[in-house]
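Report on the following structure.
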Amino acid sequence: MSSCGNGNLSVMPLQEFVLEGFAGGPQTQALLFALFLALYVVDILGNLTMIVLTTLDARLHSPMYFFLKNLSFVDLCYSSVIYPKALFDLMSLTKVITFEGCATQFFFFSLLITTEGFLLAVMAYDRFMAICSPLRYPISMRPSVCARLVLGCYCGGCLNSILQTSFTFSLPFCSSNHIDHFFCDVPPLLKLACADTTINELVMFAISGLIIVGTILVVLTSYGYITGTILRMRSGGGRHKLFSTCGSHMTAVSLFYGTVFVMYAQPGAVQSMEQGKVVSVFYTLVIPMLNPLIYSLRNKDVQDALQRLGQRHTAT
């Protein structure tokens, strides 16, 4: 058994944490419950609709929609790792989560959010191949290649999650078991450790920064070439359609990477937990809810598929 910084407090293995969530009385908690529930329901319905559409409609059986289906699946999963528990806690007096439950929640959250970052980069590369090398595209992005790219995204997410989870949950927690957050995440957990967390913060900053910078470089390089190719096109209608399709992806990329960077990839990001909670709601609930709307509202193929599905349902 080791001791904490002052030598007086022994490190005992924690059996559970308490998720403090959001401040406020019963009325505030009820309002947040209603807001989060509404957003979560829209999130589920939107992403399930995209998954069903891209699975059932043969005209959407292309690499772009294969990646979009996986993006919807990841969005659906990582919101569901957090919000059923968060919603329960908003209406509960005891907001307890076991040590193992906290580690499990963090592992899957880290895996899925990292996978989303890699998927967005792969989607940018797919658009680059489709627009800049259209003759090679059917071979370069054949189904087996697409499947390997998606598998690589999940493997990268899993590797990062294993590293982050092992580094975080190997720390001794003895200052408190109250997590100043509504789910188990690195910044609030580091504040509970009674050991030096400098290495953990550097690891989080280095890994998150490497992933974010690496994937953003892929996105920016792809869209640099795409923009040049589109501007050289003679057809104004073709330019508009391609800019519309790529604009949807760039909107999703900007929202995701902007909020993740604020939370994880800047020194001192772990200092403001209140700001962190608001940012966390945005990238764990609002963005997964918006992604299907961004892609469906600006995509004629998805709109046509929705119409065909509605007509098929009406006919039956």
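Scanning the range 39-64 for residues that are over 23 Å from Phe282 (Cβ atoms) and free of Cβ contacts under 8 Å to residues at least 12 places away in the same chain, we see that the one that is least open to solvent (accessible area, probe 1.4 Å) is Ser62. For the range 243-273, a tally of residues being at pLDDT below 70 and open to solvent by 40 Å² or more (accessible area, probe 1.4 Å) returns 6. Report every pair of residues separated by at least 6 positions or lying on different chains whose Cβ atoms are under 6 Å apart, first residue within the range 274-285 and in a helix (DSSP H, G or I), second at pLDDT 85 or above. Hits for this filter: Thr284/Ile82; Leu285/Leu39; Leu285/Ser79.
Condition check ((1) under 22 Å from Val281 (Cα atoms); (2) modelled with pLDDT under 85; (3) not in a helix (DSSP H, G or I)) across all residues:
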{"position": "Gln164", "(1), (2), (3)": "yes, no, no"}
{"position": "Asn200", "(1), (2), (3)": "no, yes, no"}
{"position": "Val203", "(1), (2), (3)": "no, yes, no"}
{"position": "Ser208", "(1), (2), (3)": "yes, yes, no"}
{"position": "Tyr223", "(1), (2), (3)": "no, no, no"}
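Report yes if some residue within the range 192-202 is more than 21 Å from Met250 (Cα to Cα), open to solvent by 20 Å² or more (accessible area, probe 1.4 Å), of a type in the set (Asp, Glu) and under 21 Å from the mean Cα position of the chain (by Cα); otherwise report no. Within the range 192-202, one or more residues are more than 21 Å from Met250 (Cα to Cα), open to solvent by 20 Å² or more (accessible area, probe 1.4 Å), of a type in the set (Asp, Glu) and under 21 Å from the mean Cα position of the chain (by Cα). Contact map, the range 183-208: residues that are closer than 14 Å to Thr165 by Cα paired with residues that are hydroxyl-bearing (Ser, Thr, Tyr) and buried (at least 18 other Cβ atoms within 10 Å of the Cβ), Cβ distance under 7 Å, separation 6+ or inter-chain. Pairs shown: Asp185/Ser280; Val186/Thr168; Leu189/Thr168; Leu190/Thr197; Asn200/Thr168; Met204/Tyr264; Ser208/Tyr264.
The condition (being open to solvent by 30 Å² or more (accessible area, probe 1.4 Å), of a type outside the set (Val, Ile, Thr) and more than 27 Å from Pro292 (Cα to Cα)) is satisfied by just one residue among Arg136, Arg127, Arg142, Arg148: Arg136. Return the residue satisfying two criteria in turn: it lies in the range 166-191 and is among the small types (Gly, Ala, Ser) and at pLDDT below 90, and of such residues it is least open to solvent (accessible area, probe 1.4 Å). Here the answer is Ser176. Checking the structure you have, find out if any residue of the range 83-100 is in contact (Cβ under 8 Å) with a residue 60 or more places away in the chain and among the small types (Gly, Ala, Ser). There is at least one residue in the range 83-100 that is in contact (Cβ under 8 Å) with a residue 60 or more places away in the chain and among the small types (Gly, Ala, Ser). Of all residues in the range 119-161, those being free of Cβ contacts under 8 Å to residues at least 24 places away in the same chain, hydrophobic (A, V, I, L, M, F, W, C) and over 27 Å from Gly228 (Cα atoms) number 4.
The set of residues from the range 1-60 being on the phi < 0 side of the Ramachandran plot, modelled with pLDDT under 80 and not aliphatic (A, V, I, L, M) comprises Ser2, Ser3, Cys4, Gly5, Asn6, Asn8, Ser10, Pro13, Gln15.
Checking each residue of the range 95-102 against the condition of being open to solvent by less than 10 Å² (accessible area, probe 1.4 Å) and out of contact with any Ser or Thr (no Cβ under 6 Å at 6 or more places or on another chain) gives at least one match. One residue stands out among those in the range 285-316 that are among the hydroxyl-bearing types (Ser, Thr, Tyr) and at pLDDT below 70: the one that is most open to solvent (accessible area, probe 1.4 Å), which is Thr316. Criterion first (among the aliphatic types (A, V, I, L, M), touching an Asp or Glu at 6+ places or on another chain (Cβ under 7 Å), crowded, with 18+ Cβ neighbours inside 10 Å and assigned to a helix (DSSP H, G or I)) does Val74 satisfy it? In short, yes.
The values are calculated or read from the model by the stated rules, or taken from the named source; none is laboratory data. Worth saying up front: this structure is predicted, and the values here are computed from it rather than measured. Methodologically, a virtual Cβ is constructed for each residue, glycine included, from the backbone with ideal geometry; neighbour enumeration extends over all protein chains shown. Ligands, DNA and RNA are excluded from the accessible area calculation, which covers all protein heavy atoms including side chains. Shrake-Rupley method; radii C 1.70, N 1.55, O 1.52, S 1.80 Å.
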